1. I want to check the label-to-label distance for SER58 and ASN292. Put each point 7 Å from Cα in the C-beta direction and report it in nm to one decimal.
2. Expressed in whole Å with the largest first, what are the equivalent ellipsoid semi-axes of the chain derived from the C-alpha gyration tensor as the square root of 5 times each eigenvalue?
3. For the pair GLU154 and LEU89, what calculated FRET efficiency results from E = 1/(1 + (r/R0)^6), where r is the Cβ-Cβ distance and R0 = 35 Å, to the nearest 0.05?
4. For the stretch 52-180, state the semi-axes of the equivalent ellipsoid (square roots of 5 times the eigenvalues of the alpha-carbon gyration tensor), sorted largest first and rounded to whole angstrom.
5. Tell me which trypsin sites (Lys or Arg not before Pro) from the stretch 51-85 have a DSSP coil assignment and no more than 10 other beta carbons within 10 Å of their own.
6. Counting only protein heavy atoms, what percent of the accessible surface of the stretch 163-269 is carbon or sulfur at a 1.4 Å probe?
7. Suppose all protein chains stay in the model; what accessible area per residue would a 1.4 Å probe give for the chain, in Å²?
8. Please go through the residue pairs LYS72/LYS180; LYS111/LYS180; LYS76/LYS100; LYS15/LYS100; LYS72/LYS297 and name each one whose alpha carbons sit more than 26 Å apart in this structure.
Amino acid sequence: LNILDDLFSLISAGKAKTSDGLRLLESYKEEESYIVWNNISQAIGSLSVVIADQEFYSDWERFVLDLFSGIKKSVKWDPVEGESHLDTLLRALVITRLGKAGDQEVRQEAKRRFDLHASGGAKISPDIRSAVYTCVASMGQEDDYNTMLRLHEEEELHEEKERLARSGLAAFSSKPILAKTLELSLSSSVRSQDSVHMISSVAHNRKGRDLTWQFFKDNFVLLKERYQSGFLLSHLVKSCSQNFTSEDKAMEVEQYFVEHPLPGSERNVAQSVETVRLNSAWLNRDLMDINNFFKQK
């Protein structure tokens, strides 16, 4: 387990090749432990940010589908009597990763369960609800967005409202839909402390990264007044600016906050800029290496 963490640390520091990490990931295909799959998922998350804008991203998604093909067979949609808490967590993780990477079978089953749930039929089990919302959102359909919006408006339980916002409304793969989610985040339908998490969730979505940075700049005065110099604003600064992958963007982010200073957020700005530079260095170093790995597949 530590080998995977260690290798990806070395890769991000330029002391090993990304293709070595990809080959190591392939060796875990028969793994069944949630703890290992969670580490694999974190490695996938890191690399997904770095290669977000590359033409071979679809090859990467196929790689993820293949990596999860074994565990897919052993994970069931519904809880099994006597299963452990880790089995419950594994189910949600596997469904989410497969749905996001484009597994049609998983997406269709998620959609079937979502439609039943939304029309007042069988409720989705709470432990896979976020996973189902994310799978449905990854298909990017306007009708599903409108249904989730209705559920969000009608929901009284705060935890479920947040689940619908972060795992559903913020997880769509359509930019016009994500633009609506960002507008919604500052409306009276969303509590001000929840707005930040909703905006951050869109920022962490590959399709929402650029939109969210622009939205942050367009609404800078409002956001600054609303959150002043508290923790929430610092969190927002970081999540809206840290997932870029070029030196140009690092300079843009740095310059923006020189011209629009936010007292109390200096450290977060510095961390964001450093993260973007690390992403950029990783990509520049290993772009050909990763491309060649997928070409040989």
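1. 2.5 nm
2. For the chain, the semi-axes come out at 30, 28, 16 Å.
3. 0.80
4. The three semi-axes for the stretch 52-180 are 23, 21, 12 Å.
5. Here the sparse-neighbourhood loop sites are LYS76.
6. 51 percent
7. I get 48 Å² per residue for the chain.
8. From the list (LYS72/LYS180; LYS111/LYS180; LYS76/LYS100; LYS15/LYS100; LYS72/LYS297), the Cα-Cα distance tops 26 Å for LYS72/LYS180; LYS15/LYS100.
The values are calculated or read from the model by the stated rules, or taken from the named source; none is laboratory data. From a predicted model like this one, the values you see are computed outputs, not experimental measurements. Cβ atoms come from the backbone with ideal geometry, glycine included; neighbour counts cover every protein chain shown. Each accessible area value is taken on the protein alone, full model and side chains, heavy atoms only, with ligands, DNA and RNA left out. Shrake-Rupley method; radii C 1.70, N 1.55, O 1.52, S 1.80 Å.
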